[in-house]
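Worksheet for the structure shown next.
Here, each number is a calculation from the coordinates, and none is a lab measurement. Everything quoted here is computed from the prediction, not taken from an experiment. Reconstructed Cβ throughout: ideal geometry from the backbone, glycine too, with neighbour counts over all protein chains shown.
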Number of protein chains: 2
Amino acid sequence: MARHPFLSLQPDEIEQTSTAVRTKHAGKEILFRSMGIKEPSRAATVAFLQGTGAAPPRKTYVSYQIKGEPTVYEDLISLSTSDSPAAITSTRDLGTTNFPPATNIDMHRLEDIVMRDALVQAEIERLQLPAGAVVQPEPWPYGTESSTPAGRRQYQVWMFLKSLDAKAREHPSSNHFAHPLDFSVVVDDLTMKVVRIDRLPMRPDEIYVDEAAASTRTWQHNPDAEYASELQPKLRHDLKPIHISQPEGVSFTVSDDNEVVEWQKWRFHLDFNWREGVVLRDVTYEGRPTFYRLSLAEMTVPYGDPRVPYHRKSAYDLGEGGAGCTANNLELGCDCLGAIRYFDRWMNDHEGNPLALKNAVCMHEVDNGIGWKHTNYRTGRAEVTRNRELVIQTIMTISNYEYILQWVFDTAANIHFEVRATGIMSLVPADQGAAHDGMNYGIMVSPGVMAPIHQHIFCLRIDPAIDGYDESKIVYEDVKAMGWNAATNPYGVAFGVESHSITQESFLDLDAKLNRAVKMVNPNRLNAASHKPAGYKIAVPPTQLQLADPGSMHGVRAEFADHHFYFTKHDEDELFPAGEFPWQHTGGSGVRTWASRKRDLKPGQGVVWCTFGFTHVPRPEDWPVMPVEVFRAGLKPVNFFDKNPALDVPPSKQSINKSVEVERTQREIALREKQCCGK
Amino acid sequence: MARHPFLSLQPDEIEQTSTAVRTKHAGKEILFRSMGIKEPSRAATVAFLQGTGAAPPRKTYVSYQIKGEPTVYEDLISLSTSDSPAAITSTRDLGTTNFPPATNIDMHRLEDIVMRDALVQAEIERLQLPAGAVVQPEPWPYGTESSTPAGRRQYQVWMFLKSLDAKAREHPSSNHFAHPLDFSVVVDDLTMKVVRIDRLPMRPDEIYVDEAAASTRTWQHNPDAEYASELQPKLRHDLKPIHISQPEGVSFTVSDDNEVVEWQKWRFHLDFNWREGVVLRDVTYEGRPTFYRLSLAEMTVPYGDPRVPYHRKSAYDLGEGGAGCTANNLELGCDCLGAIRYFDRWMNDHEGNPLALKNAVCMHEVDNGIGWKHTNYRTGRAEVTRNRELVIQTIMTISNYEYILQWVFDTAANIHFEVRATGIMSLVPADQGAAHDGMNYGIMVSPGVMAPIHQHIFCLRIDPAIDGYDESKIVYEDVKAMGWNAATNPYGVAFGVESHSITQESFLDLDAKLNRAVKMVNPNRLNAASHKPAGYKIAVPPTQLQLADPGSMHGVRAEFADHHFYFTKHDEDELFPAGEFPWQHTGGSGVRTWASRKRDLKPGQGVVWCTFGFTHVPRPEDWPVMPVEVFRAGLKPVNFFDKNPALDVPPSKQSINKSVEVERTQREIALREKQCCGK
């Protein structure tokens, strides 16, 4: 039987793909970069979903280089069928300006190269480090500083020192970020050679490095700041365990191919790729389509530090790394509580072999408090239900930082996307002797360690299928005062909804003053009660957009980060809002470019790109590892149901929930009894 | 021993208070309204907290009327001590324009009065209701329509019909809101007589009621819309139970007087009153003060329907009702899961007797996902902790509506205030034959039932004590682009924090473009790492403010609802941002008035009023009972700690958490084994 178009990349497909490439380039050594399913057209896929077409042929894409050669290629491969073997159907020459992302394999290799380099060794010598000091490189994407393409893929490697204390140094979670060194290393990815050393500014007003001072500067001793539990002076001992159990089992089912989840009237395919991580496909509720495809599509993390070379710092954690390929191997009892279902997913290594991402995704149910309640005050009778959620979680580690990414379904037909930002902030060295108090682009979190201000700007790609695959339209609604009017608003209290259609590729900003919200609606499905079109609303508060100057390289590159919404015409080749290859890219690719075409959006054609984020003003409280910063964006049904879809959730009862009452104090019991029995 | 100033009102204090009033008015029948602790001065209380002063004397306030007389009085009573008996120390004549709130006792009484009234019976006759029909009145505060005080306290009573189906009608949760009748009843609170009938508009453009049409109109049959579980055609049967347990007990302790809670370095008094419900007093962390007093201080719910008499609809659910006196009797296994501690609190009845609010407050611990995590990608070692929360919950039922109010403490030293709005929307009758499709101030949720657009605007009163009781200052911070500058920002990427002091009574609006946040800081406590003052930041997104015209009665009355923040000088007599007596008030009392004094705010003097809310554009999905709408505002430490305060939370481990892995599919297991063992 033909494979489902939403089946995530399978190990045999990875092997077919790399075999095809190896055969084509027989005798040459191939460096495999990224591999994934090349998604078939929406039209063909929808025909298949609706039973009017065959399963579209499975295809993969693969980017690779011939080892030692600069050019990057991307081939498309038709995977084998009962009729035909796997075959390369097209090849794209990406030249020397489009750079695939780095993997953890790259990172390890870079650390070695840097440490063996003579320039680096000379810098380490300059520092006159104490005996036993261990230097720790931390590779980063190079960023972009000029609109002229660099023509070669580069890394910027930050340098740190491990703790001088042997116990801390040997610990697997030893925190070298407490000891940033005053130079960084630029590495050429092709030659795998160090290109140059960039010395780092140490004073807040040192926009360009004072090379004279830097050339003779030696090491300064910073205090340790360990986060590993074994390295804490004392742990809390009074936090009693909470156990969460499902004695009758879980409420979800997973198909035998491990891809289709059904839970509480929801059904969806749990697709996955190296770049976006979890991708939800064909999300339906009681068989009614809601979304064709949902994903976190990109993220940018620009820094506000003006000093060279920090002006380049702007990470694209999906396109330069990947939410899938950096997914943590999740552990039972650590990353979730309760009854947890884990999923493996697959990617390739640099040799083109399948690499299992074990426990890359987990899924579990959560009791999230009351779902709805009403008490009739006359009878005292309360009707109350719980809000049950199904959480699909991936945690990505991208160098120093973690993002906990969740898609959350609930019993009231809502979907939420939740991000929890945690991990270790990007830290830079600072002169302990300099006055940093007036600095406004960062703070000192520890002597010698500065945390620069930065933003985390996320972009969701929302491909709607509101109660049908080809009928969705996009609208936005403002809520406005009606204006005092003797005839229609004689007391000046009125306000109402003003609805606007999005009919062209364009952008839009939120405005709290207007309570503005974007909705996707199906004008052919009118609600029986309200006579308004079935829809889903995007519930997201306005957050600060990119602060870098629009003309700066950060502004030019992050095409999604300047507006809360972009709307574009559906295209399988337009999945990533800052373009396919963010690494050192110089702009001109992504949603801003696509939206500028201003093409008409006919029903079923519109894709919604939703941007939100945090501006992180660092706190000492975020050091050495930061407590989660939580953000939720919602997709909420509006006129999709005739009444509360959670009306049939069974009542919340002690006979089912088995809670326990904590004993009251003697005084309270006495007071209760005295008053009750005294009457 | 003298009682603690933060001890909530005790039953013997209620008795002392009413005895004193009864004695003073011997021979007269007293109608007791509200009673509470009259809070001692902050200065005297702080002296007591710091051990430099005695416990300030306990005092109560009580509002009451002589039965049959219009004047409202408020007396202050010194409660008895070892030296002296209880005594009235002052009396305030509130005249006939300041109206205390209604209680459930009032509501029950009103229902009877309305149903026995001849005018009401005539209206019911006009409707020609079918046999067996049961009319259900729903009393509301009257609202305000003119700046001339009415001189008498009035109710507006909405009229509904219970289901015609006997089973539904007899059910204790029978939903009469599906059957709104076309008239309302105005009742004089003093005479307890119906003043007049207000017929209701039935068409969307009927700004003033068409009395000719209304006078001959008869009943229209609307479909039932029941929300009780027993009245649903079918309940879900596939939601498996989740059990939450704490086998080693809970992590909190409660003092013997049932008032002081200690948990995870937090300590606070769980004060409570009829009006604000839970009030947190003297909140400390590791013995360091953070907040002197935290409370939800008021809420307004203005409606956008311009039609008479709906132009009056603007409820003040605290000042006209009370979060304390409408608190639900919370039930084990229904309102929370896990190990739950319940608290009783006390109010008075109309005769001046103590009335126990049983289980008015509950407290329990919640596992709220990951608290912080970092994986060192080199070693694969993950350090991960859970985010534990302590939730203090009260649920108020105010006529048709519920607010689930939570104060939430966590292990990272954050405090959150969470509101979940649920219950039944305020519904109005609508002509089933009229076209409602173009209406923008509401929607039809069911034939004959219209849900008007409305806002829920909340105001928190935050009385800071940042690392000291008398040193807090208020600042706000914007994050701004620095502007391209060859010398200081040569690449145009820089941004930073701009800090502003609040030195006068004033107001402020949030702005997402500026990432604006209000902070309370102690300039005398500089952070050892950052050298910045210890502080707590208010983390709240900007939400839509009041939409009614500023000159309308809604605009005039809701003094807090036009700006996100007000700042005023501390005063024990200024606790309520829309004034002490919102019922039919005509403005001129509250934060807008106080802020207009523009008095200087010296350290320790400033009080912060924080306004946020939802604009509720009704959905059929909110009918007949709405799924929770969740809002969280945070108080987060900034420069208060030298590092992550959750660093000493023990690691999250399976040996403690006892989670369970859900079995994988056979295909997945096979794939895993094949790939692992094949190598």
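Listed by chain and number, the lysines whose alpha-carbon sits under 24 Å from that of B:LYS513, ignoring those within fewer than 8 places in the same chain, are A:LYS313, A:LYS480, A:LYS513, A:LYS519, A:LYS537, B:LYS480, B:LYS537, B:LYS636.
Under a 5 Å amide H cut-off, with hydrogens placed 1.01 Å from N, B:ARG293 pairs with B:ASP282, B:ASP463 among residues at least 5 apart or on other chains. The lysines within cross-link reach of B:LYS162, meaning a Cα-to-Cα straight distance under 21 Å and a gap of 8 or more places when in the same chain, are A:LYS373, A:LYS643. Between B:GLU663 and B:ARG116, 0.36 nm times their residue separation minus their Cα-Cα distance comes to what? So the chain would gain 190.5 nm between B:GLU663 and B:ARG116.
For region B:409-423, putting each phi into the Karplus relation 6.51 cos²θ - 1.76 cosθ + 1.60 with θ = phi - 60° gives couplings of 9, 9, 6, 9, 6, 8, 10, 10, 10, 10, 10, 10, 8, 8, x Hz, in residue order, rounded to whole numbers and with x for Gly and Pro.
Estimated from the Cβ-Cβ distance and a Förster radius of 22 angstrom, the FRET efficiency linking A:ASP437 and A:ASP165 is about 0.15. In order along region A:530-547, the Karplus-derived 3J(HN,Hα) couplings, from 6.51 cos²θ - 1.76 cosθ + 1.60 at θ = phi - 60°, round to 8, 6, 10, x, 4, x, 10, 9, 8, 9, 8, x, x, 10, 5, 8, 4, 8 Hz, and Gly and Pro are given as x. A:GLU580 sits among other residues whose Cβ lies under 11 Å from its own Cβ, and their net charge, with Lys and Arg +1 and Asp and Glu -1, is -2.
Label-point distances for B:LEU235 to the equivalent site in the other copies, using a point 7 angstrom along Cα→C-beta, read 4.2 nm when ranked shortest first. Other residues whose C-beta falls under 11 angstrom from the C-beta of B:ALA434 contribute a net charge of -3, scoring Lys and Arg +1 and Asp and Glu -1.
Phi-derived couplings, Karplus 6.51 cos²θ - 1.76 cosθ + 1.60 at θ = phi - 60°, listed residue by residue for region B:651-661: x, 7, 9, 4, 4, 9, 8, 6, 7, 10, 8 Hz, with x used for Gly and Pro. Modelled this way, with points 7 Å down the Cα-to-C-beta line, the labels at A:THR379 and B:LEU190 are 3.8 nm from one another.
Short-range pairs are left out: with C-alpha atoms under 8 Å and at least six residues apart, the relative contact order of chain B is 13 percent.
In loop segments of region A:287-355 as defined by DSSP, the GluC sites (Glu not before Pro) with at most 13 further C-beta atoms inside 10 Å of their C-beta are A:GLU351. Max-minus-min Cα coordinates of region B:346-409 on each principal axis give 72, 24, 11 Å, with the largest extent listed first. Diffusion coefficient of region A:11-95 by Stokes-Einstein, Kirkwood radius over Cα pairs, 4 °C, 1.567 mPa s: 94 µm²/s. Note on region A:485-588: the alpha carbon radius of gyration divided by the globular reference 2.2 N^0.38 Å gives 1.46. For region A:11-95, how many pairs of lysine residues have a Cα-Cα distance under 23 Å, where the two are 8 or more positions apart or belong to different chains? Total qualifying Lys-Lys pairs in region A:11-95 comes to 5. For A:PHE99, the residues whose modelled amide H falls within less than 5 Å of its own, excluding neighbours fewer than 5 places apart on the same chain, are A:TRP583.
The C-alpha radius of gyration of region B:198-294, expressed as a fraction of 2.2 N^0.38 Å, stands at 2.14. FRET efficiency for the pair B:GLU351 and B:GLU629, taken as 1/(1 + (r/R0)^6) with r the Cβ-Cβ distance and R0 = 35 Å, rounds to 0.40. From its DSSP helices (H runs of at least four residues, each -39,500 (n - 2.57)), the protein assembly as shown gives a residue-normalised ellipticity at 222 nm of -3500 deg cm²/dmol. Rg over Rh for the protein assembly as shown works out to 0.98, both radii taken from alpha-carbon positions and Rh defined as the Kirkwood radius.
Sorted from closest to farthest, the other copies place their B:PRO447 label points 8.0 nm away, with each point set 7 Å from Cα along Cα→Cβ. For the rotational copies A and B, the chain A residue with its Cβ nearest the relating axis, together with that separation in Å, is A:PRO541, 2.
The modelled label-to-label distance between A:GLU125 and A:HIS237, using points 7 Å beyond Cα along the C-beta direction, is 5.2 nm. Take the Cα pairs of region B:104-231, get the Kirkwood Rh, then feed it into Stokes-Einstein at 37 °C and 0.692 mPa s and tell me D in µm²/s. Approximately 208 µm²/s, per Stokes-Einstein. Here's how it looks for B:ARG33: its modeled amide H is under 5 Å from those of B:SER63, B:TYR64, B:GLN65, which are all 5 or more places away or on a different chain.
Under the simplified labelling scheme, the B:THR503-A:THR148 pair shows an inter-label distance of 5.1 nm, with each label point 7 Å from Cα along Cα→Cβ. Treating each Cα of chain B as an identical point scatterer and summing with the Debye formula, the log10 of I(q)/I(0) at q = 0.06, 0.07 Å⁻¹ comes to -0.40, -0.54.
The mean count of C-beta atoms from other chains within 10 Å of the C-beta of residues in B:418-425, rounded to a whole number, is 3. Multiplying the residue separation of B:ARG672 and B:ASN485 by 0.36 nm and removing their Cα-Cα distance gives an extension gain of 61.7 nm. Here is how far apart the B:ALA670 label points are across copies: 7.1 nm, shortest first, using a point 7 Å from Cα toward Cβ. Compactness of region B:564-626 was expressed as the Cα radius of gyration divided by 2.2 N^0.38 Å, which yields 1.55.
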